[in-house]
Structure formats: structure tokens, C-alpha cells
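In what follows, a structure is listed as C-alpha cells, so that the remarks can point back to it.
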Amino acid sequence: MKLSTPSRKILHAVVVVVLVVEAAGLAWLYLEYSDLSDELRSSAWSLATKSLRYLEGDVELLIYLLDENPDIHLMALTARNAAEHASVTASALSTLHDHGGRDLTKTYVLGVAVSNIEVYLNTLANNPDKVTSLKENKELLEEAASILKEIAMKYRQDPEDIPNSLISKLHKISEQLH
């Protein structure tokens, strides 16, 4: 069956209208989800910076307890709390890396560093006899706490603003903890 010229024109017009409507729908979905992506990025980074501050405070408390009140059980409890904050931070950074919509290598490396710190703190929390390792790692932990504080306070708007050197330094420190 061959369509007449007026029927073909109508069919072409219908196809064009359908394609335009479909394109408009896809554009709307893109805009809708890109806003969600921005909101997710912002929320994940906000959660990460807040948890970084708590982690930094817990690490400073561990150092204080080591110097002033080396109660093994209190230190283990503080280490467990710090490990939980490190876990939340690492999860938020992983979410940011996975759904960030940009090349967020910095958040990946920062997440690895925080995960390394979490492993160390969990080891300390689960083996209170390892307080000697806390003494050995005191300087590293002080330096890590200082970097965590700087990141959480100075770069809380955008993780891309964090200098690579600062993230690399934290990563190296995290690998040296034992």
C-alpha cells in the first residue's frame, strides 16, 4: 500500500512531533537528574566534612588521653568512635566519587586515606593492648589530625579545591600507621 503525498506529509509531521516531544522529555529528565546530582554531591561532601571534623576531634582526644590519662579501655572506646567517624567519612567520599559527575580523583584518594585510618583505629579499638602502637604513631596521628582539620574547615565548599599535596600527604601518613 502506497501512501499519497498528503498522507506522507501528515505522517512525516506526526513523526517529527513525536521526536520533538521525546527530545523535550529527555531534556527535562536530564535537567531533573542533574539537579539531583548536584544536591547529592553537596550533601555527600557536607556529610564528609562534618565526619572529618568529628574524626579529627577523636584523634586529638586519643592523643590527649595517651599523654594525660592512658586508660586503655577509654582509649579503645575513643578509637572505636573515631573509626566509626572514619567509616562514615569514607562512605560519603565513596558516594561522592561514584555519583559526583566529575573526575573526583581527589575524593577517591582522600577516601582511601581515611579508610586506612579507619583500619588502624579499628585495630586499636579491638586490641587495647596495642596502645604501644599509639605511642609509636603519635606524631603521625598529630599530623593527620592537623590535615583533617584543615580539609574540613578550609575546603568545606568543594573537594576539588583541596591541594593534591595535602591529600597525598594524608595518604602517605595513613599508609605508615601500624
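The numbers here are math on the coordinates, done by the rules we state, and not lab data. No experiment lies behind these values; they were computed from the predicted model shown.
Quick look at the numbers
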item	result
Percent breakdown of C-alpha pair distances by 5 Å bin, ordered from the shortest bin, for the range 41-127	3, 17, 24, 21, 14, 10, 7, 3, 1, 0
Straight-distance crosslink candidates among aspartates and glutamates, where the alpha carbon sits under 15 Å from K50 and sequence neighbours closer than 8 are dropped	D58, E84, E150, D158
Partner lysines for K135 [C-alpha distance under 22 Å; skip if fewer than 8 residues away on the same chain]	K149, K169, K172
Solvent-free Debye scattering, log10 I(q)/I(0), computed from the Cα coordinates of the range 27-178 at q = 0.09, 0.14 Å⁻¹	-0.29, -0.64
